[in-house]
Each structure stands twice: as C-alpha cells, then as structure tokens.
Amino acid sequence: MKEQFVSFYNKNQRIVGMLHIAGEKTPTVMMCHGFTGQRMEAHFLFVKTARRLAENGISVLRFDFRGSGESEGKFEDMTIEEEISDAYTALHFLLMQEFVDYNRVGIVGLSMGGCVSACLAGRVKNLLQSVALWSAAYKPKEDLSAILTPEVKESLEKLGYINMGGNKVGRKFFEILPQIDPIKEIVNFPGDVLLVHGEADFIPYSQAEECYERLKERKEGKAKLHIVKGADHTFSSPEWEDEVINLTVEWFRETL
C-alpha cells in the first residue's frame with residue numbers, strides 16, 4: 001500500500017488530496033467530505049476508512065473541496081454546485097490514474113458530501129458503479145431553512161455572507177439551494193447504493209428511509225439502508241465508527 005499527496009485544478013484553483021494506492025488495476029473509491037470539513041474528517045474518519053479500504057485491495061482518493069482544507073479558494077464562494085463541479089473534476093483525475101480499474105469505481109459522501117455524491121452519481125451514471133452515503137443531507141433546503149431568520153437574511157443582504165462558526169457562508173450558497181435535490185438525482189443512478197445514517201443524527205434518518213424507498217423503485221441497481229443505533233452525525237464513538245467502516249468496506253468488496 002502506498003500513500004501519495006496529489007493536486008489537480010478546477011477553474012484555475014488548486015485542489016489537494018491524498019491517494020491510497022492498494023496495487024495495480026484496483027477498484028477505487030473517492031471520498032467527499034462534509035460542510036466545513038476536510039479530507040481527514042472528524043476523528044480522522046476518512047483516513048481510517050481509506051486505510052482500511054486499501055488494506056482490502058481498494059484504492060482511495062480523499063480531497064479537499066475548493067475553499068476547504070488546504071485547497072485554494074474561499075469558503076464564502078462555496079456552493080453545492082461548485083462542490084459537485086469539484087467532485088466531477090476529481091473523478092476524472094482519478095480515472096486517468098494507471099492503478100485504477102475504471103470499471104470498478106465508487107464514491108463515499110458524508111453529510112453535505114453525501115448530497116454532492118448523490119447528485120454526481122445521478123449525473124455521471126456509468127462512470128460510477130457503487131455509492132455509499134453517510135449521514136447525507138438529502139433535503140438541504142429543508143435542513144437549512146431554519147437558519148434563514150430575518151436577522152440572517154439582513155446579514156446576507158448587507159455583508160453578502162453569514163457567519164457560521166467562524167466560516168463565511170455566501171449569499172449564492174443559499175440562492176441555489178432550491179435547485180438542489182439529491183434524492184431526485186440519485187434515483188437516476190443505475191448502480192448500487194448504500195445508505196448509512198445515525199439514529200440520533202440531527203438530520204433525521206427518515207430522510208434516508210425516504211431515499212431508500214425511492215431507490216427500490218429503480219429497475220437497475222440494488223439499495224441497502226443501515227441505521228446505526230444511537231449514533232450521531234459523524235459516528236463519533238469507536239463502536240459506531242467500526243460499524244460504519246466495516247459495513248462500507250464489505251459493501252465495496254461486494255459491489256466493485
């Protein structure tokens with residue numbers, strides 16, 4: 001197994017990431033982090049998962065969206081569509097690597113990265129064969145609507161951004177939210193989809209259940225829903241973490 005720092009460009013801005021190379025012509029998975037996250041994720045969840053996948057013969061690309069982590073760009077310019085564009089660019093970068101078996105490529109997305117992954121999968125279709133969505137934001141407009149109080153809207157108009165935990169979230173992020181519908185997009189994906197959600201997540205697991213029911217209506221591809229009992233949004237206990245990683249490794253071993 002080899003780990004290699006890499007970079008590539010989208011819209012003249014540098015995106016950085018880490019490759020975990022498991023061997024030659026291997027199945028490969030791309031990982032998309034969440035809102036205000038980065039390529040390691042909370043309690044190094046992405047690092048641990050990537051290394052476990054590589055130990056099982058599956059290569060991995062973890063990367064920082066533009067404006068996040070060490071990639072170029074400003075967070076306040078971030079929108080979900082811009083992150084979908086980054087993920088599309090990262091996928092094509094990955095497909096150009098010699099070690100990748102491009103007929104066996106998957107994606108993991110956490111939280112808003114799950115929203116991005118669902119949208120990307122529905123648009124690229126056969127470039128991906130398998131998807132795992134962790135704690136995905138299936139209804140971003142609905143989930144974020146409570147934030148837009150009159151005071152917040154006034155801040156958006158006056159400053160062009162709002163402060164969320166020290167992160168500037170720009171006006172455009174909220175303007176395009178009504179256009180984002182990851183459930184509608186993922187049902188166009190003909191491959192296999194794993195949905196993992198914590199029972200105690202602030203994003204209700206009923207959203208994952210709704211997505212699962214829609215996925216079962218497809219003519220192609222299998223779907224699996226797994227609710228982690230008692231778990232929070234990022235599966236922040238060793239037991240929850242192990243459950244999610246083990247499940248995901250087995251999923252990609254079966255579907256890639």
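The values are calculated or read from the model by the stated rules, or taken from the named source; none is laboratory data. These numbers were taken from a predicted model, which means no experiment stands behind them. Here Cβ is always computed from backbone atoms with ideal geometry, including for glycine, and neighbour counts include all displayed protein chains. These area figures cover heavy atoms from the full protein model, side chains too; ligands, DNA and RNA do not enter into them. Shrake-Rupley method; radii C 1.70, N 1.55, O 1.52, S 1.80 Å.
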Worksheet entry | Cross-link reach list, aspartates and glutamates versus Lys219, counting only Cα pairs under 17 Å and skipping chain neighbours closer than eight places | Glu185, Asp192
Item to complete: Considering the options Ser68, Ala132, Gly23, tell which one lies farthest towards the positive end of the dipole of the chain, charges being +1 on Lys and Arg and -1 on Asp and Glu at the Cβ, about the Cα centre.
Response: Gly23
Worksheet, complete the sentence: Taking Cα atoms, the helix 45-55 axis meets the longest principal axis of the chain at an angle in degrees (rounded to 10) of 10 degrees
Fill in: Net charge over other residues, Cβ less than 14 angstrom from the Cβ of Ser145 (K, R count +1; D, E count -1)
0
Discussion item. For region 1-79 and region 232-256, what is the centre-to-centre distance using only Cα atoms, to the nearest Å?
Written reply: 17 Å
Worksheet item: For the chain, modelled as a Gaussian network with Cα springs under 10 Å, which listed residue fluctuates most, Met31, Met164, Met40?
Response: Met164
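Compute the length gained on full extension between Glu151 and Ile227: take 0.36 nm times their separation in residues and subtract their Cα-Cα distance, giving the result in nm to one decimal. Could the numbers behind the result be given before it?
On the way: separation 76, 0.36 × 76 = 27.36 nm, distance 3.61 nm.
Once the chain is fully extended between Glu151 and Ile227, it gains 23.7 nm.
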Worksheet, complete the sentence: For region 88-177, the count of lysine pairs 8 or more apart or interchain whose alpha-carbon atoms are under 26 Å apart comes to 13
Worksheet item: Between Lys2 and Lys25, how many nm apart are label points set 7 Å from Cα along the C-beta direction?
Response: 1.7 nm
Worksheet item: Does anyone have the angle between helix 205-216 and the longest principal axis of the chain? Alpha-carbon axes, 0 to 90°, nearest 10?
Response: 50 degrees
Discussion item. Give the lysines reachable from Lys2 as a straight Cα distance under 18 Å; neighbours fewer than 8 places away on the same chain don't count.
Written reply: Lys25, Lys48
Fill in: Accessible area per residue in Å² at 1.4 Å probe, computed on region 102-256
47 Å²
Response to the item:
For the chain, the longest principal axis of the Cα atoms and the Cα long axis of helix 238-255 enclose an angle in degrees, to the nearest 10, of 60 degrees
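Want the number for Glu250 to Phe202: 0.36 nm per residue separation, take away the alpha-carbon distance, what's left? Walk me through the numbers before you get to the answer.
Details: separation 48, 0.36 × 48 = 17.28 nm, distance 2.64 nm.
Working it through step by step, the gained length comes to 14.6 nm.
Which value, in debye to the nearest 20, gives the size of the charge dipole of the chain about its Cα centre, when Lys and Arg are +1 and Asp and Glu are -1 at the Cβ? Walk me through the numbers on the way to the answer.
Numbers: 30 positive and 38 negative charges, 120 e Å.
About 580 debye.
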Worksheet item: Residue-wise, which Karplus ³J(HN,Hα) couplings in Hz belong to region 63-79, taking 6.51 cos²θ - 1.76 cosθ + 1.60, θ = phi - 60°, and x for glycine or proline?
Response: 8, 9, 4, 4, x, 10, x, 9, 6, 6, x, 10, 4, 5, 8, 5, 9
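Over region 1-100, with every protein chain in place, what whole percent of the accessible area is carbon and sulfur at 1.4 Å, could you tell me? Each step should come with its number before you reach the end.
On the way: 1980 of 4150 Å².
Of the solvent-accessible surface of region 1-100, carbon and sulfur hold 48 percent.
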Worksheet item: With point charges of +1 on the Cβ of Lys and Arg and -1 on the Cβ of Asp and Glu, referenced to the Cα centre of region 197-256, which listed residue (Trp251, Phe202, Phe235) lies farthest in the positive direction of the dipole?
Response: Trp251
Fill in: Accessible-area composition of region 148-256, carbon plus sulfur, in percent [1.4 Å probe]
47 percent
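Determine the gain in length on full extension of the stretch Ser236-Lys216; use 0.36 nm per residue of separation and subtract their C-alpha separation, reporting nm with one decimal. Write out the running numbers ahead of the final one.
On the way: separation 20, 0.36 × 20 = 7.20 nm, distance 2.94 nm.
Between Ser236 and Lys216, full extension yields 4.3 nm more.
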